[in-house]
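Down below is the structure, laid out as structure tokens.
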């Protein structure tokens, strides 16, 4: 039955949806599925051709770039597109806010206005087109295939971005969900009763794929275990849109008895990278994206080193994103994975600059450092969740959701975390511990492990990236 359902979606539903929306996603998916097994030289040559094409377009037809790369000619770009890319300025969020029209080139490709979720600040408005949407949709489905999930398999999405529910035509959303064999569950405010209902829903009917924010999936898993509820048994779990900590991965795999696949992306550029079943890091899909990781001086980092993520999308000609500083830091991985795909790797996503805490010298300790510090000090069975709030440069409030049965954290553990935070902040500081029942998510349903109330340097991004909308 499942095989027939898969074929029906690949051969009938996807082509019909693509034709109705004039988005050739099924064609792109077929291309990407074949291209993923090319050798490195062939894949890189194809990416260079796409890169040269969009850089030439941007430098000749997009006012924002045309004014900033006058020294580049189409011939020089074609000769060495990688060198030409390095000559483009880094695109910042403020550039998009201040120069939206100058960044836009109407191409007759079905321009669509969109925006980020604006979890902690003003949303960023941008534009995209049908060809971009086709490639973004195809990359997402390809990543699902890497997790063993095919079109037509039953897909439940535990999603925290409420504007993805409220901002749509309800009938259109239900129709799309039906066509994609997908059920969307609102995970913005996950009460105990709501999680019980979700657990029951997930066990009434077999689920192939369970997708969601790492923190929401973890909340559900903990509730199932604590309440002694029947656990659903999906064939795969895909975590996206927030940091997948090792302790969360371990718990999800134990409780749901399914492998966990991490995926990375943002609304502006779409799905960028994902794990395959080798779990050696995240493949950066070279068919859609050129990803760079640079240090504070703008130089590419070496394998194992961390830096700012710069994204160049190869499909959105209506509004090219070239060397876009998305607001994340990541560690560069190996050039290839043992699976044989020709794409470079991310070792890990290390944290987002928007959630960091400001040191005395104005530098930022990234959000990703704090969960690692907590994991070093506290046993996983003591804390269900936490958030570190920087009140002033030297004073922090540590909000802790304790595991049931745990009354408080002992002094030795509290002193240990204080010492680790001092090391991260490079200065003495005070930690005040506050025990709470729940930590509210952001407006897009995400959990921030650190929040700073201290003004930071103007160049630091103030709005987090959001995963590509459904």
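A short reminder: the numbers here are calculations on the coordinates, not readings from a lab. Being a predicted model, the structure only gives us computed values, none of them experimental. Note that we place each Cβ from the backbone using ideal geometry, even for glycine, and neighbour counts take in every protein chain shown.
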CD proxy, 222 nm, the chain: helix-only mean residue ellipticity via -39,500 (n - 2.57) per DSSP H run with n ≥ 4, per residue, nearest 500, stands at -10500 deg cm²/dmol
Put in order of increasing Cβ neighbours within 10 Å, starting from the fewest, 105, 357 give 105, 357
Taking only Cα atoms of the range 280-414, the Rg to Rh ratio with Kirkwood Rh works out at 1.07
Applying the gyration tensor rule to the Cα atoms of the range 356-452 (axes a ≥ b ≥ c; rounded if a/c under 1.5, else prolate if a/b exceeds b/c, else oblate), the class is oblate
Row for the chain, column shape: gyration tensor on C-alpha, a ≥ b ≥ c, rounded if a/c < 1.5 i.e. under 1.5, prolate if a/b over b/c, else oblate; value oblate
With a ≥ b ≥ c from the Cα gyration tensor eigenvalues, square-rooted, and the rule rounded for a/c under 1.5, otherwise prolate when a/b > b/c and oblate otherwise, the range 189-328 is prolate
antiparallel share of DSSP beta bridges within the chain, to nearest 5, in %, is 60 percent
